[in-house]
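The values are calculated or read from the model by the stated rules, or taken from the named source; none is laboratory data. Fair warning: this is a prediction, and the values are worked out from it, not measured in the lab. Cβ placement follows ideal geometry from the backbone for every residue including glycine, while neighbour counts extend to all protein chains displayed. All accessible areas refer to the heavy atoms of the entire protein, side chains included, with ligands and DNA or RNA removed. Shrake-Rupley method; radii C 1.70, N 1.55, O 1.52, S 1.80 Å.
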Amino acid sequence: QVQLVESGGGSVQVGGSTRLSCAASGRTYAKFSMGWFRQAPGKGQEFVAAIQTSGETQYEDSVKGRFTITGDNAKRVVDLQINNLQFADTAVYYCADRVGVLAPLPENWPVWGQGTQVTVSS
């Protein structure tokens, strides 16, 4: 069974940067996607970015140009670089894993990490 462990995040000033990392273990399938979702207080889960084994990526429109997802298939790690942080980026960020290609809907991702908090402050 795949397990995901996120790291990074914390409190960051507006306009600053942070990097989130997610390490996967227990995966037995060769083709997979890893993604990042976030949930702000009082809101539902929102797709942020995802990357599949081929290197193809997908981003939510509002984060394009500020968020960059990268993956290392051999190390089974996916990172999310977040630049120019805005107050609206404050949320719990979750890493997710699925077999096969990219999919933006949370219900299509069966494996989730425990989440890591990103708080943007002035």
Exercise for review: Just give me the residues in the range 15-31 being in contact with a Gly (Cβ under 7 Å, 6 or more places away or on another chain) and in a strand (DSSP E or B), in sequence order.
Suggested key: Thr18, Arg19, Leu20, Ser21, Cys22
**Study point:** Residues of the range 1-14 satisfying the condition of being within 18 Å of Val92 (Cα to Cα), open to solvent by 40 Å² or more (accessible area, probe 1.4 Å) and either of a type in the set (Val, Ile, Thr) or in a loop (DSSP other than H, G, I, E, B) (or both)
**Key:** Val5, Val14
**Study point:** Subset of the range 60-91 (residues that are over 18 Å from Ser21 (Cβ atoms) and either in contact with a Gly (Cβ under 9 Å, 6 or more places away or on another chain) or open to solvent by 40 Å² or more (accessible area, probe 1.4 Å) (or both))
**Key:** Glu60, Asp61, Ser62, Lys64, Gly65, Asn84, Gln86, Phe87, Ala88
Revision key, fill the gap. Only one of Leu4, Leu20, Leu105, Leu85 is touching a Cys at 6+ places or on another chain (Cβ under 6 Å) and not small (Gly, Ala, Ser), namely Leu4
**Study point:** Subset of the range 92-122 [of a type in the set (A, V, I, L, M, F, W, C) and free of Cβ contacts under 8 Å to residues at least 60 places away in the same chain]
**Key:** Val92, Leu105
**Study point:** Given (1) without any contact (Cβ under 8 Å) to a residue 24 or more places away in the chain; (2) open to solvent by 60 Å² or more (accessible area, probe 1.4 Å), index of the condition Arg19 fails
**Key:** (1)
Practice item. Only residues that are within 15 Å of Ile82 (Cα to Cα), among the acidic types (Asp, Glu) and in contact (Cβ under 8 Å) with a residue 24 or more places away in the chain: list them for the range 43-62, please. Key: Glu60
Check your understanding: Among the strands (runs of 3 or more DSSP E) contained in the range 33-122, which hold 2 or more residues that are farther than 21 Å from Val14 by Cα and within 10 Å of the chain's Cα centre (by Cα)?
Key -> 45-52, 91-99
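Look at the range 92-112 and say how many of its residues are among the charged types (D, E, K, R) and surrounded by fewer than 18 Cβ atoms within 10 Å (Cβ to Cβ).
Qualifying residue count for the region: 1.
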